[in-house]
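The values are calculated or read from the model by the stated rules, or taken from the named source; none is laboratory data. Small disclaimer: the values here were computed from a predicted structure and weren't measured. In this analysis, Cβ positions are derived from the backbone assuming ideal geometry, glycine residues included, and neighbour counts consider all displayed protein chains.
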Amino acid sequence: MSPFKAPGTPLLGGIAAAIGASLCCVGPLVLVTLGVGGAWIGTLTALEPYRPLFVTLTLLFLFLAFRRLYRSPASCDADAPCARPATRRRQRLLFWVVSLLLVALLTFPYYGVYLLD
């Protein structure tokens with residue numbers, strides 16, 4: 001089986017891309033929360049030019065995960081874990097939890113201004 005056809009690959013890819021997309025705005029906030037201060041935190045914008053790429057990758061991986069969970073038929077052996085309804089339910093629940101978290105991270109630059117004032 002190809003590593004890209006594993007059941008959790010699109011979801012894990014979406015998580016990694018969202019973390020990359022949110023590093024430019026959440027990273028300094030985490031540093032401040034940990035007690036690191038100083039005016040230089042405002043200049044930590046090295047990854048900002050790559051944000052559109054990371055956002056696009058995040059949305060692409062979320063779309064692939066959604067398609068795998070809801071659109072494509074499950075093709076697996078009868079005794080495989082993917083054949084159990086409880087497993088599919090857990091995967092869908094995890095997908096929606098992660099999707100909500102990713103939306104919160106991706107939209108942070110828009111509502112973070114109000115939280116940090």
Is it true that L94 is assigned to a helix (DSSP H, G or I) and within 19 Å of A18 (Cα to Cα)?
yes
Candidates T87, T107, T56 - the one that is at pLDDT below 85 and of a type in the set (V, I, T):
T87
Given the conditions (1) charged (D, E, K, R); (2) in a helix (DSSP H, G or I); (3) at pLDDT below 85, which single one is not true for D77?
(2)
Answer yes if at least one residue in the range 19-26 is over 21 Å from the mean Cα position of the chain (by Cα), surrounded by 10 or more Cβ atoms within 10 Å (Cβ to Cβ) and modelled with pLDDT under 80, and no otherwise.
no
Subset of the range 101-113 (residues that are closer than 16 Å to G14 by Cα and of a type in the set (G, A, S)):
A104
Those residues that are of a type in the set (V, I, T), without any contact (Cβ under 8 Å) to a residue 40 or more places away in the chain and not in a loop (DSSP other than H, G, I, E, B), I need them from the range 42-71; list them, please.
T43, T56
Residue that is nearest to the chain's Cα centre (by Cα), among those in the range 63-100 that are over 18 Å from G13 (Cα atoms) and among the small types (G, A, S)
S72
